[in-house]
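Written out below as structure tokens is the structure these notes cover.
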Amino acid sequence: MATYIDVITGFLESGKTTFIKELIDRNSFSEYKTTVLILCEEGKIEYEENLMIVNRLKIITLGDATELTDPFFQRIKNEFSPEHVMIEFNGTWDINLLFNLKIPFEYQFRNIIFISEANTFKNFLINMAAVIQPHILNSDVVIFNRAEDLEKKQKIKLQQDVKNINKKAEIIYSGELEEEEKINKYFVPKEKYIKISKSTIIAVSILVVIALLPKSLLLMFYGVTQSVATIFISILIEAIPFILLGAFLSSMIQILIPSGWIMKKISQNNYSSFVIASFAGLFMPICDCGTVPIVSGLLKKDAPLPQTITFWLASSAVNPVVLLSVYYAFPDQPYLILIRMISGILIALVTGLILMSCKIQTKKEVTQKSRTQSIGTDMLELRQEGKIRKIEAVVKGAKFEFFRVIKYVIVGAFISALLQTILPQTMKSFIGSNLNIQFLIMIIAAIFMSTCSTSNAFIGRSFLRMFSMIPVMSFMVLGPMLDFKNMIMLSEILKKRFLIVLAFLVGFVGFIVFYSFALYF
């Protein structure tokens, strides 16, 4: 049986102890034979001894963050054999200390809850952003205490501040904690709390409908499913090695290799900086969504916007892993590597130079609310001292990169397989005879399929049954540039109006570049 770890974090006097005592009073931990409560600070409110005895609580107090070591949880396991661990975490400590520990195999982090006073939250966020944001970024729930007197507009603003950092966090106000449902879904043991999700209901409904279909339709459905599955799996098998390679290289570069010189050159406001920005991706083979935190960091330091955008657009075109994937996806057409590289650099350079000629300035286009926000987990936080720790950090970073990217590749591969299987032959013929429609469909696919630049060559190749080579190349090159997912992430640092203009500009320049290629191929 798993030993759940619940973490309640926040600054001193935010209400952490009061919240935990309320949980105890509600018998939220009554199912556990033993609960170990780890206190990382001593607040004004203390835990009564009789409360500890009645609820089978064992309390351990830590005086310093250095006491959170690898053997710490092992000692707890050996001494108490708890079924549940609750940590009242110090809001000024680095919460990544917890996640970097080697805890016993059966221990699982279940809930991370951040608690703050509603009236002081904004000040903490402005003055202690580097401290408070990692706690919120890792939290499942953010609870605001003493929010009874807040107006609706003030609550909306608090919610926006939290969502700018962690879109997935649930926001609860202390008055709402009286609702048992809000507490039970987090603290009642999962095996005791059964809730049928919407996805389960949909899946069961689909199975029931399939079971009621006539045999002839079932056979046709089986044939279509088999065809989709075959194409889908073949795309994934070819793409996954490159996703893994790209994930490890991305992790190694971000953690082990300093890239300050390149970033400094890009930040210079001259024409040579555009050339360096265009080829910087050669030295940083990171997938397109992995460059978003780098772009964000440059813009926060007031780097010139045209050069920064040029770097972002061109990075996937000159990425060595991306070019290698093109070679393996199209082994009989090595010239496509050159086309992808040249077209990507051309689009990036022309777009950047147009932005510079329009005198687009960073300060005017960067959002005022931007901090670190939810632009992915910056793997630089995984930096560790010592060779073993650095290797562990690289593996952890690669794992994060792989699972962040693979879900988009799966969606892209599935859509590609589905279109190839169910699209009527007459529609394929119509598409195949009209180059303009091919470009339009491929650009739309590039925007919404959100495939990773290190693997979209294999998805692009699967489209060759329906589309000509140059429109497919436009999908591969413009995909990372117009990727809807990347645009959403960039909207946390750049104004949405600018991103819309940028998307149309990139699409227009890309159309001209690839239409020119189409005239010669």
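The values are calculated or read from the model by the stated rules, or taken from the named source; none is laboratory data. If you're wondering where the values come from, they're calculated on a predicted model, not measured in any experiment. Cβ atoms come from the backbone with ideal geometry, glycine included; neighbour counts cover every protein chain shown.
Residues in region 470-504 that are assigned to a helix (DSSP H, G or I) and among the charged types (D, E, K, R): Lys485, Lys496, Arg497. If you scan region 85-118, which residues turn out to be in contact with a strand residue (DSSP E or B) (Cβ under 8 Å, 6 or more places away or on another chain) and of a type in the set (Val, Ile, Thr)? Matches in region 85-118: Val85, Ile87, Ile95, Ile103, Ile112, Ile113, Ile115. If you scan region 53-68, which residues turn out to be part of a loop (DSSP other than H, G, I, E, B) and in contact with a helix residue (DSSP H, G or I) (Cβ under 9 Å, 6 or more places away or on another chain)? Passing the criteria: Asn55, Leu62, Leu68.
Residue pairs whose Cβ atoms lie under 6 Å apart, separated by 6 or more positions or on different chains, with the first residue in region 104-120 and in the same structural domain as Gly15 (by TED's automatic domain parsing) and in contact (Cβ under 8 Å) with a residue 60 or more places away in the chain and the second surrounded by fewer than 18 Cβ atoms within 10 Å (Cβ to Cβ) and not hydroxyl-bearing (Ser, Thr, Tyr), are Pro104/Lys77; Glu106/Ala2; Gln108/Ala2; Asn111/Asp140; Ile112/Asp140; Ile113/Val141; Glu117/Arg146. Going through region 127-138 one residue at a time, which ones are more than 24 Å from the chain's Cα centre (by Cα) and closer than 16 Å to Lys157 by Cβ? Answer for region 127-138, where residues must be more than 24 Å from the chain's Cα centre (by Cα) and closer than 16 Å to Lys157 by Cβ: there is none. Only one of (1) in a helix (DSSP H, G or I); (2) of a type outside the set (D, E, K, R); (3) at pLDDT 80 or above fails for Ile360. Which number is that? For Ile360, the exception is condition (1). Among the residues of region 210-220, are any at pLDDT 65 or above, assigned to a loop (DSSP other than H, G, I, E, B) and surrounded by fewer than 15 Cβ atoms within 10 Å (Cβ to Cβ)? So far as region 210-220 goes, yes, one or more of its residues are at pLDDT 65 or above, assigned to a loop (DSSP other than H, G, I, E, B) and surrounded by fewer than 15 Cβ atoms within 10 Å (Cβ to Cβ). Being part of a helix (DSSP H, G or I), modelled with pLDDT under 70 and of a type in the set (Gly, Ala, Ser) is not true of Gly397. Of all residue pairs spaced 6 or more apart or on separate chains, none has beta-carbon atoms under 9 Å together with a first member in region 331-346 that is assigned by TED's automatic domain parsing to the domain that holds Pro480 and assigned to a helix (DSSP H, G or I) and a second member that is of a type in the set (Lys, Arg) and modelled with pLDDT of 90 or more. The residues of region 100-140 that are in a loop (DSSP other than H, G, I, E, B), β-branched (Val, Ile, Thr) and surrounded by 18 or more Cβ atoms within 10 Å (Cβ to Cβ) amount to a single one, Ile103.
Let's see how each residue does on (1) at pLDDT 80 or above; (2) closer than 26 Å to Tyr328 by Cα; (3) in contact with a Pro (Cβ under 7 Å, 6 or more places away or on another chain); (4) of a type in the set (Gly, Ala, Ser):
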residue	(1), (2), (3), (4)
Gln425	no, no, no, no
Ile441	yes, yes, no, no
Ala457	yes, yes, no, yes
Phe467	yes, yes, no, no
Val477	yes, yes, no, no
Leu482	yes, yes, no, no
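When region 73-99 is filtered for residues that are over 26 Å from the mean Cα position of the chain (by Cα) and outside any strand (DSSP E or B), the ones remaining, listed by number, are Phe73, Gln74, Arg75, Ile76, Lys77, Asn78, Glu79, Phe80, Ser81, Pro82, Glu83. For the residues Leu313, Leu245, Leu323, the requirement of being modelled with pLDDT under 75 and closer than 30 Å to Ile410 by Cα singles out Leu245. Yes or no: Leu380 under 23 Å from Gly281 (Cβ atoms) and at pLDDT below 80? So Leu380 fits the description; yes.
Taking the stated definitions as given, is Ile431 assigned to a helix (DSSP H, G or I), at pLDDT below 80 and over 22 Å from Val509 (Cβ atoms)? So Ile431 passes the test.
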